[in-house]
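Data block below; observations after.
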Amino acid sequence: MNNMFLKYIYRTLFVSGLILIANNIFSQSYLQVKGRLDFKEGTSKEGKINLYENGNHSETYIVDRSGKFSIDLEMDKDYIFEFSREGYVTKKISINTEVPDNSKKKSFTPIYFAVELFLQYEGVNTVVFTQPVGIIKFYQQIGDFDYDVDYSTEIRNKVDKAEKELEVAHRNHIKEQREKELEEQRKAQAAQKAAADLEYQKRIDAEKKAADARKLAAAEAVRVDAEKQAQLLAQQKEAAKKRQQEEAARKEAEKLEKERIAEQQRIAAEEKAKAKAEEEARIKAAFEAQIKAEGEARKKAAVEAARIKAEQEAQQLAQQKEEAKKRQQEEVARKEAERLEKERIAEQQRIAAEEKAKAKAEEEARIKAAFEAQIKTEEETRKMAADEAARVKAEQEAQQLAQQQEEAKIRQQEAAAQKEAERLEKERIAEQQRLAAEERTKNEVEEKARLKAAEEASAIAEADSLKKIAIEKARVEAEEKARQLALVKEESEKRKKEELAQIALEKVQKQAQLDKEKRLSEERKKQEEADRVLAEIAAQEKLQKDIELRKSKALADKLKKQNQLYSSAAQKAAEELTEVKKDYPKGKTVEEFERYGMKITRTIVIDNEVVRIYLKVVHEWGATYYFKNNQAISGYLHNIELDRI
């Protein structure tokens, strides 16, 4: 018995506690604020929200990459939301949560808004952003929070002007960056060319020094050979005196030796002429092959450039056709939207003639939707302009990359031509060294044979030695002269080959320079075309914004007039609500009826001093509209609020 009694007491205390907790929870009143922070350039990362409560800094929130945030505000306070990021224009929104005493314990519809920040540029007046761009406060007529329409309309024109100046500054900044990058590329190319010219001049100077050194070495070798010949001649004269008796035998031996030497010289001359002809033919073939390869490379490059240009022109033509088609579709859609809008306005006017208060509410909803559509259109226009700028930038980067690849290809071709010329020069020098070695070996053999014959001849007849010496001297002088002529001819041929190689190299460099100038000219034309397209886009944007500005002005005038009508209607609605309080009991009353072909469901909610009338209007053609105290609301909000009651 006692246990049952104790259990009963525990259950009673537990239920009472739950009731107290629930009362405390549901008696708490706050306002939920949700939104998203976006940036004109870059992600929402590093975005910051400073919250000020009654003029004092209360909290700082760091926004993540998505830019979304959700903050609960206490009632009966004045808040300032400050949205900022380094390098961007700061914006503010004012929210006043003061409500009458009879509304403090109720729940309110969450507030949602999106804020977009622009980059800060020097010379742009952004003093308008020191004021809040919007004010949200409680309205007794609707029993909920909403924007201060008069303040939003007044500040909107100033904000639009400042954002337009920021947009112009942003485009100028992008253009300056692009020009700066092009200037840096031109400077880098000029520096590369200067370095290449300096390297080429150094190589030419080194080759010239090497040639001068070879000439000095050849002259020194001639001098040494002359001294050796003089020494040999003195030795021969001394030996001739001792071997006069051997003159007869020497003459016969000399005759045979001369015939043998003549035969060897003839064979050697034929082999040398054959080797020289083969070398000249090989060099000529290699040079012609190099010229042919360079011609084919230039032809291939020209064909590739023509193909790329044709593809780019085709892409531009297709893009222009696509843009024209898109503008035509947008124009058709706009006309269709205007036609539907006119039909809807006519229908609303007919309904307004039948039910004035309801028609005013529908007109208010339509104006609000048109204003939101205008804002959405402006955002889409800015996004399209940004996408177009990104596309133009991507094309320019692709063109720069293609240019760099083409220049790299030309440099590779020049390097290959240079390497081929150096290889031919090395082969020529090696061949000259080989021929010189053979010539020296041949001269040494001939010299030994000549000395042997001279010794044999000097033994036969010393008397004839003077004649022999004179003949030998003449022969030596003739051979020396022939050798000097051969060296001169060889040097001449070397200079001729170097000149041909230099001409070929200059021809390749000249062609590369012409190709580069042609490519730069084409790039300038493409840049001018891109600037023209951007100018046309800017002109179209300006025209569109002028049209939208005129529309906004007309809409603002109409909205002001509608607000005046709304004020009178709100006063009349307040009077009607007073009458409704007299005719309906507290709580929720649901009525359904048909009028003028519309099926209307009216829900009347009376809670203390607040009267809320919800309407669900279904038209014959299928459209459904929702209202709260003659203000248009969404179906989702209509259903949520009724479900909470």
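Here are a few things to note about the model shown:
- Residues in the stretch 523-549 that are small (Gly, Ala, Ser) and either open to solvent by less than 50 Å² (accessible area, probe 1.4 Å) or in contact with a Ser or Thr (Cβ under 7 Å, 6 or more places away or on another chain) (or both): Ala530, Ala538.
- Tally of residues being under 60 Å from the mean Cα position of the chain (by Cα) and not hydrophobic (A, V, I, L, M, F, W, C) across the stretch 193-240: 14
- Within the stretch 178-199, the set of residues being open to solvent by 80 Å² or more (accessible area, probe 1.4 Å) and within 22 Å of Gln400 (Cβ to Cβ) comprises Glu179, Lys180, Glu181, Glu184, Arg186, Lys187, Gln192, Lys193.
- Among the residues of the stretch 76-95, the ones that are open to solvent by 40 Å² or more (accessible area, probe 1.4 Å) and not hydrophobic (A, V, I, L, M, F, W, C) come to 8 in all.
Residues are listed down the side, and each one gets a yes or a no for (1) under 48 Å from the mean Cα position of the chain (by Cα); (2) at pLDDT below 70; (3) of a type in the set (A, V, I, L, M, F, W, C); (4) more than 30 Å from Val618 (Cβ to Cβ):
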site	(1), (2), (3), (4)
Ala285	yes, no, yes, yes
Glu288	yes, no, no, yes
Leu317	yes, no, yes, yes
Gln320	yes, no, no, yes
Glu338	yes, no, no, no
Gln349	no, no, no, no
Arg366	yes, no, no, no
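- Qualifying positions in the stretch 96-131 - under 17 Å from Tyr79 (Cβ atoms) and either among the acidic types (Asp, Glu) or open to solvent by less than 30 Å² (accessible area, probe 1.4 Å) (or both): Thr97, Glu98, Val99, Phe108, Ile111, Phe113, Val115
- Filter result for Ala221 (among the small types (Gly, Ala, Ser) and closer than 17 Å to Leu451 by Cα): no
- Where Gly17 falls short, out of the listed (1) modelled with pLDDT under 90; (2) open to solvent by less than 90 Å² (accessible area, probe 1.4 Å); (3) closer than 30 Å to Val611 by Cα: (3)
- Annotation: of all residues in the stretch 502-522 being more than 30 Å from the chain's Cα centre (by Cα) and hydrophobic (A, V, I, L, M, F, W, C), the one that is surrounded by the most Cβ atoms within 10 Å (Cβ to Cβ) is Val508.
The values are calculated or read from the model by the stated rules, or taken from the named source; none is laboratory data. Quick caveat: nothing in here was measured; it's all calculated off a predicted structure. Using ideal geometry, Cβ is built from the backbone for each residue, glycine included, and neighbour counts are taken over all protein chains shown. Each accessible area value is taken on the protein alone, full model and side chains, heavy atoms only, with ligands, DNA and RNA left out. Shrake-Rupley method; radii C 1.70, N 1.55, O 1.52, S 1.80 Å.
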